[in-house]
Amino acid sequence: MALGARSNDVLRLVLRGSMNWVLLGILLGIAGSIGVTRLLSGLLYGVRPTDPAVLGAVSVLLTGVALLASYIPARRAMRVDPMIALRYE
């Protein structure tokens, strides 16, 4: 913000950075859960280990939680006065 970025730009930058990691984690998690289907099949009752509805619902839920968890610090970074931040450094 001290170099001319608007507060929406800061919010978008922080959220985009965290959502990239979330997307990578979800893709690796789905691949990992498909990879260990034999182990999971004995632990699940009434649900297939590769059920797309369950994998999709869990992915959406975790993405929402991660979005909220990254929005709070992004909102705080958006409100920082640039002069105070530069003086602190």
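The values are calculated or read from the model by the stated rules, or taken from the named source; none is laboratory data. Because the structure is a prediction, the values reported are computed rather than measured. Heads up, the Cβs are rebuilt from the backbone with ideal geometry, glycines too, and the neighbour counts pull from every protein chain shown. These accessible areas exclude ligands, DNA and RNA; they are computed on the full protein's heavy atoms, side chains included. Shrake-Rupley method; radii C 1.70, N 1.55, O 1.52, S 1.80 Å.
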| field | region 5-43 - residue that is open to solvent by less than 60 Å² (accessible area, probe 1.4 Å) and assigned to a loop (DSSP other than H, G, I, E, B) and, of those, modelled with the highest pLDDT | value | GLY42
| remark: Checking VAL65, VAL47 in turn, the sole residue that is outside any helix (DSSP H, G or I) and either surrounded by fewer than 14 Cβ atoms within 10 Å (Cβ to Cβ) or on the phi > 0 side of the Ramachandran plot (or both) turns out to be VAL47
| field | Residue pairs meeting the criteria (Cβ under 7 Å; at least 6 apart or on separate chains; first under 30 Å from ARG75 (Cα atoms), in region 14-40; second among the aromatic types (Phe, Trp, Tyr)) | value | LEU15/TYR71
| query | Taking region 71-89 as the search range and keeping residues that are outside any loop (DSSP other than H, G, I, E, B) and open to solvent by 80 Å² or more (accessible area, probe 1.4 Å), which one is modelled with the lowest pLDDT? | reply | TYR88
| query | Does ILE84 qualify as being in contact with a Leu (Cβ under 8 Å, 6 or more places away or on another chain) and of a type in the set (A, V, I, L, M)? | reply | no
| query | Which condition number in (1) farther than 30 Å from ASP9 by Cα; (2) open to solvent by 70 Å² or more (accessible area, probe 1.4 Å) is the one that LEU55 fails? | reply | (2)
| Scan of region 46-76 for residues that are closer than 14 Å to SER33 by Cα and of a type in the set (Ser, Thr, Tyr), ordered by number | THR50, SER59
